[in-house]
Amino acid sequence: MSPDMKQKLQRWLDEASTAMGGDADERQDALLELETTILERIDERTGDGESQSEAIDIVLRDMGDSQEMGASFLPQPALLPPHATRPFLIQTAALFAAHFLLVLGATVAGRSLDLPFGSITPLPLPPHPLALFLRAFETLCFDTGFMLLVYAALPKVQRLIRLPHLKLSTDVDRTRKLESVFFLALTAVVLNFFRDDLLALYVPAEEGSAQVPLVGPGLSENLLFLNVWLAAMIVRDLLYARYKERRTTLVVDIFAGLCGLFVLLRLVAAEKLVDLSGAHESLGRSAEGMGALLNSVFVIVAVVGAALLAARTMQRVFRLAQLRGRGPR
Amino acid sequence: MAVASPLEKIGAELRRGVIQVAALSLLRDKLYGYQLVKVLRSYSLETEEGTLYPLLRRLETQGLLRSEWDTAGARPRKYYTLSDEGRALLPQLTKLWAEIADAVSQVLNPAAPVAVSEDEA
């Protein structure tokens, strides 16, 4: 190929490259594939008797706009790909809710909440509406930024460690189930390994600990049952991911549902899920009232959760009966 | 610039939809991109590089294809073939395609009923 032709081809490839997304290796890979395709087509045309100059012009014209081709080969990644927008919003909202709940918890207790990954400071008391709004805004900004970082890093991490669900991305149900297994396992780890710091230990403030005495003994007493429920849910989701809807899967699903019902009803009946009796003296007697209010909220949540779970479990029982009616599978 | 007729437009959309199934089926054998373009064209399934290559990359990202560069020849070539997962999926895809083709054939039959009977509604 003459230097002029090479230059023409290189210019076309350079233009295509500017429109490509991906990292340097991916671009290199795509460009080489594009180049060999173009050369292959030029060879075919020159084999048919066309001059090289004519052939390269026709092939490049047929390939279309270089930048359009580059962009279609390796699309520029959006900050948040369209398919990730919904999970991003849901997860950011959940993180914000949990984060702000901890801020309120710290405020109620009147002290900072020292967590393994940072400290959550209370709002000044009495909380001024503007301060409340500003802290909510600040928390939301932090959580959104954090989740954006996670979403930016996640594809790279997945490429590095090749998480199994990447290969299963054509099956949305399976991917979702595996993701739920991940989150259930994470919950189990937090419940069991960080319980002294985070959840399941009641630490009276008088002992001088920086821990907010938020979680009462009602939750600690049920940790074993919570673990059984979590384990049943993990097994259920793994079975759904592997086998979809089968008798075994449904039986495990029903078992998980019954475990959940048992745990939620025990939580409803527990004496104290939340205990603020050791809270900061600035709250005085109102701490007890706030604790009772929070307990009522948690009990209502548990009752509603139990009702929904009972409905779902019943539906699974009917589905199992339907499958049995169809004969062995 | 020539304006595509409605038939050409619909034909192009239809072909674009089936290229994915056809490519997966043909990649039971190891083929490089341009070779696949030519094989598809030999079956009258016209496809552009700008459509096929991104599709191959997407299928590879989804784990249905795997690829490897062959640098032994005069020109390096990137060969694609079905992964284990892709091979497992292919029979299901073939079955699904047969069902869709059958359903569409029935609908296209001039004798096919257009209105749903009262009993079925």
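Bear in mind that the values in this text are calculations on the coordinates, not laboratory data. Small disclaimer: the values here were computed from a predicted structure and weren't measured. Positions of Cβ are generated from backbone atoms using ideal geometry, with glycine treated the same way; all protein chains shown enter the neighbour counts.
Summary of values
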{"quantity": "Amide H partners (placed H, <5 Å) of B:Ser83, local residues excluded", "calculated": "B:Leu65, B:Arg66"}
{"quantity": "Under Karplus coefficients 6.51, -1.76 and 1.60, residue-wise ³J(HN,Hα) of region A:138-152 in Hz, glycine/proline x", "calculated": "4, 4, 4, 4, 4, 5, 5, x, 4, 5, 5, 4, 4, 5, 6"}
{"quantity": "Estimated distance in nm for a label pair at A:Asp43 and A:Ala185, the labels positioned 7 Å out from Cα along Cα-to-Cβ", "calculated": "4.7 nm"}
{"quantity": "0 to 90° range, to nearest 10: angle between helix B:84-108 axis and chain B longest Cα axis", "calculated": "30 degrees"}
{"quantity": "Loop sites in region A:17-93: GluC sites (Glu not before Pro), DSSP, at most 16 other Cβ within 10 Å", "calculated": "A:Glu50"}
{"quantity": "Length added when fully stretched, A:Leu224-A:Ser112, from 0.36 nm per residue minus Cα-Cα", "calculated": "37.4 nm"}
{"quantity": "Whether region B:7-108 is rounded, prolate or oblate, judged on the alpha carbon gyration tensor where a/c under 1.5 counts as rounded", "calculated": "oblate"}
{"quantity": "Backbone HN-Hα couplings from phi across region A:219-235 [Karplus 6.51/-1.76/1.60, Hz, Gly and Pro as x]", "calculated": "7, 4, 5, 9, 4, 4, 5, 4, 5, 4, 4, 4, 4, 5, 5, 5, 4"}
{"quantity": "Residues B:Ala72 and A:Met1, FRET efficiency given R0 of 25 Å [Cβ-Cβ distance, rounded to 0.05]", "calculated": "0.70"}
{"quantity": "Rough spin-label spacing in nm, given labels placed 7 Å along Cα→Cβ, for B:Val21 and A:Met314", "calculated": "4.2 nm"}
{"quantity": "Residues with amide H under 5 Å from that of B:Tyr32, placed H, sequence gap 5 or more", "calculated": "B:Tyr80"}
{"quantity": "Calculated FRET efficiency for the pair B:Ala111/A:Ala153, C-beta based, R₀ 60 Å, to 0.05", "calculated": "0.55"}
{"quantity": "Longest site-free stretch - chain B; sites: trypsin sites (Lys or Arg not before Pro), DSSP loop, at most 15 other Cβ within 10 Å", "calculated": "B:31-121"}
{"quantity": "Inter-label distance, nm, simple model (7 Å from Cα along the C-beta direction), A:Thr18/A:Phe146", "calculated": "4.1 nm"}
{"quantity": "From phi via Karplus (6.51, -1.76, 1.60), per-residue ³J(HN,Hα) for region A:259-274 in Hz, x at Gly/Pro", "calculated": "4, x, 4, 4, 5, 5, 5, 5, 5, 4, 7, 5, 6, 9, 8, 10"}
